[in-house]
Structure formats: structure tokens, C-alpha cells
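Remarks on the structure that follows.
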Amino acid sequence: MKNNQLPVTINIPQFRHDLITWFEQEQRDLPWRENQDPYRVWVSEIMLQQTKVETVIPYFHRFIQSFPTLEALAEADEQQVLKAWEGLGYYSRVRNLQAAVREVVADYNAKVPEDAEQFGNLKGVGPYTQGAVLSIAYGKAEPAVDGNVMRVLSRILLIQEDIAKAKTRKIFEQAVRQLISHENPSAFNQGLMELGALICTPRNPSCLLCPVQVHCKAYSEGIQHSLPVKTKKTKQKDEAYYVLVMEDKDGKYILEQRPNEGLLAQMWQFPMVATKEVSENLLEPYIMERYQINCQSIDQLQPVKHIFSHIKWDLNVIKCRCDKLRVSGPAQQILSLDEIESYPLPVSHQKIYKQLLQ
DNA sequence: AAGGCGGGGCG
DNA sequence: CGCCCAGCCTT
């Protein structure tokens, strides 16, 4: 192994002590901190990926209530699992999680493996989640480097590498391996993240309240605001669709399931067609040809704009009153408003659904 | 190494 | 508006 570690020149024992003492004093009372059940810790870590704590809390309660144990989740209906995740985003997280717990039941006698390699090879478990679950649930001294940790340590240790680059994470993992408390890896890792969430925030960090201020090189040089260095910029694509809300005389609607892969995989929606595929005045014949359905009338509902991290959707919502609906494929259903309630819809289509309720 | 993959909240 | 959030997977 090459000895190219960055110089960690802070007082390590003092830093550990200051961080852990602060964490034990100031940590938030969060539902996944009630105990160290590896399953609950695991669920929380998946939910918290790219998602704020306040957003996760209600989802965590509902999810654990519906699927209290690893076995319960393994045996659950996939649609119900997806429904429990509805609105949380990044839906592959929960499909991977269920696949992984099924793996644990099949291969590890329904016990979350303590072995880093075994746990890390499970679906949806990357380097961060691996270290987080193993340290928090099992007390293993493994690094758990997320965005918080990179921000906090970039400031304390004055690390100027671009955190948008994939290999940079390894630098921080090496730093954590030198810093981490072997007596209490859980409090150390959670302390770094809690510090990032409460004190060492992206903008306007509260350095005057920081329990490890005396260790912080960025603060001592007054450059905490310019760290971490991050280059990646997002460019969004614009996409415009007609959303076809086809309603029959019984107040039922056609819903279709999205493909198994890609954006909003396996979620349900009102049928959509890209506006560039058909001009608005030809929608009726299009519906006739594509869905074999005769429209009696066409109305515009409130248009919906929806922003993803990488796409902007402009949804032109068209309500078609139809004499009789029919499905034109296995991925379609004719459903009442009540029945739609039990299907997982992306937020953009929940907005449309809410219009129909009025 | 870079891009796809949600949704919400903040300045 | 752009940025960030307890990231992972595919190419």
C-alpha cells in the first residue's frame, strides 16, 4: 500500500473527544436512534440518501409500521413497498432494498451480515451505507463518508480536492480511518454528520458554536466559506408532454405503469405523449388510433410543471370524456379515483390526481 | 469519469 | 433561479 496519505496534523485524541462529547450532548432525537436494530438503521440510511432528515421522519415511521422487520419487508408485495416510498423519490432505492433484504433472508438466515464485504455486496449498499450501518448498528470502525463528512473534513483538514469527483471520496475515507474512534465509531461517524447538519452547514456555518473549532484549519485561516470545492453543475433538459386524463361515464380513468427501468420506473401515471409527437389539434385522432377510444369532449386542466434534478417537465393536462374506456396493453388499468389511491404515483401525477378530486 | 435518478427547501 | 441534501448504479 502506497503511503500517500494526506497529513492529518490535528490533535486526534482531543478531536475525537470533542466531537463525541458534543454529539452525545446535542444529537437530535430521531426515530432511527431509538435502538440499534440493524434493519431499522439500514432502512433509515437508504431513506436519508440525498434526502433531508425532516423529509424522512414521517416516511420512516410509516415504513417501519408497515414492514416492522426484515422478514416482513422481504415478504411484502412490491407495489405496496413502492407505495410506501411514494413521494420520497429515487425509487430504485426501495426496489434495491427489498431485493437486498430478500438476499439476506435467503443467504444469511435473515440476519444483516456484520462482515463488511458481505454487507457491501448487497444491492443498493454503496461505500457510505456500508460504513454507516456497520458502524452504527455493529460498532465497526468503518468510514461513512457522505456529503456532510466531506464538507466538515474539507474544512477541518483543509482538503481542496473537488468533492464532485468520484475518487475524492477515497481521500476522505483515508482521513476518517486515521481519525475515527475505535472506542465509539458510531458516535464518531454520526457526530461528523450531525455536525455537518447542525453547525458546519453549506452556507453560513456556525463556527462560533462549533465544538471542534479549535481543530479547524479553514476557520483559523478564515476560508471556511470557500470549502468544500465542488465543480459539478447541473444542466436540465426541458421536456413537454400532453397528459391524457381519459374519463368514462362511471368516473373511471386509464392509468398505465411506467417501464421497469429508468425514470420513475414501475410507477403509475396517466398516459403521456410528448408534445412533439402529436400536434394539439390532432390529439383526438391520436387517442382514437393509439387507445382505440372515442373522445366525446376535450378540456384543459391546470397545467403542471415539475422539476427533477436533471429534467423539467411541462405537463399539458388534457381531460377527455369518453364513452367507453378500454385498455390497450398489460401495463394499463381502468380505475376509479378510490382505486387510484392505492397505486404509487409520482408527485407530478399526484398533482393531477388532486385536480380530479375537486 | 460522467451521467441518470426525485423531490423539497433555501437564499 | 441554482444549490444542497446521511448516494448508488450503469455505462
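Values computed for the structure shown
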| read-out | value |
| --- | --- |
| Part-to-part distance (alpha-carbon centres) for the range A:267-292 and the range A:123-141, which is given in Å | 46 |
| C-alpha long axis of helix A:185-198 to longest principal axis of chain A, angle in ° | 60 |
| Relative contact order (%) - criterion: Cα under 8 Å, at least six apart; region: chain A | 16 |
| Karplus-derived HN-Hα couplings along the range A:334-339 (A = 6.51, B = -1.76, C = 1.60, θ = phi - 60°), whole Hz, x at Gly and Pro | 9, 9, 7, 4, 4, 5 |
| For A:Lys312, distant residues with modelled amide H under 5 Å away | A:Lys237, A:Asp238, A:Glu239 |
| Stokes-Einstein D (µm²/s) once Rh is taken as the Kirkwood radius of chain A over alpha-carbon pairs, at 4 °C in 1.567 mPa s | 56 |
| Karplus-derived HN-Hα couplings along the range A:103-109 (A = 6.51, B = -1.76, C = 1.60, θ = phi - 60°), whole Hz, x at Gly and Pro | 4, 5, 5, 6, 9, 10, 6 |
| Per-residue [θ]222 nm for chain A (sum of -39500 (n - 2.57) over DSSP H runs n ≥ 4, rounded to 500) | -12500 deg cm²/dmol |
| Full-stretch length increase - A:Asn121, A:Ala331 - with 0.36 nm per residue and alpha-carbon distance subtracted | 72.4 nm |
| Contour minus Cα-Cα distance for A:Asp162 and A:Asp37 (0.36 nm per residue) | 41.5 nm |
| Paramagnetic reach from A:Lys324 (point 7 Å along Cα→Cβ, amide N under 14 Å) across the range A:271-292 | A:292 |
| All lysines inside 16 Å of A:Lys217 as judged from Cα atoms, apart from same-chain residues fewer than 8 positions distant | none |
| The range A:46-77: GluC sites (Glu not before Pro) falling in loop per DSSP and having at most 14 other Cβ within 10 Å | none |
| Calculated from backbone phi, Karplus (6.51, -1.76, 1.60) coupling profile of the range A:12-23 in Hz, x at Gly/Pro | 5, x, 5, 4, 4, 4, 4, 5, 5, 4, 4, 4 |
| Ranked A:His182, A:His215, A:His349, criterion: other C-beta atoms within 10 Å, fewest first | A:His182, A:His215, A:His349 |
| Within-14-Å neighbourhood charge of A:Arg155 [Cβ basis; K, R +1; D, E -1] | +2 |
| Net lengthening on full extension, A:His182/A:Ser206 (0.36 nm per residue, minus Cα-Cα) | 5.8 nm |
| Of the trypsin sites (Lys or Arg not before Pro) in the range A:311-350, those whose Cβ has at most 13 other Cβ within 10 Å and which sit in DSSP loop | A:Lys324, A:Arg326 |
| Too-long pairs where the Cα-Cα distance tops 28 Å, listed order kept, from A:Lys123/A:Lys354; A:Lys83/A:Lys252; A:Lys123/A:Lys305 | A:Lys123/A:Lys354; A:Lys123/A:Lys305 |
| Subset of A:Lys235/A:Lys312; A:Lys165/A:Lys232; A:Lys111/A:Lys140; A:Lys165/A:Lys312; A:Lys237/A:Lys351 violating a 19 Å alpha-carbon distance limit | A:Lys165/A:Lys312; A:Lys237/A:Lys351 |
| Relative exposure of A:Arg28, A:Arg203, A:Arg177, judged by other C-beta atoms within 10 Å (fewest first) | A:Arg203, A:Arg28, A:Arg177 |
| Burial order of peptide ranges A:144-153, A:115-124 (average beta-carbon count within 10 Å, highest first) | A:144-153, A:115-124 |
| Within the range A:295-326: backbone nitrogen closer than 13 Å to the A:Glu339 label point (7 Å, Cα to C-beta) | A:325-326 |
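Each reported figure results from applying straightforward, stated rules to the coordinates on display, with no laboratory input. These numbers were taken from a predicted model, which means no experiment stands behind them. Neighbour counts are summed over all protein chains in view; Cβ atoms, including those assigned to glycine, are modelled from backbone coordinates with ideal geometry.
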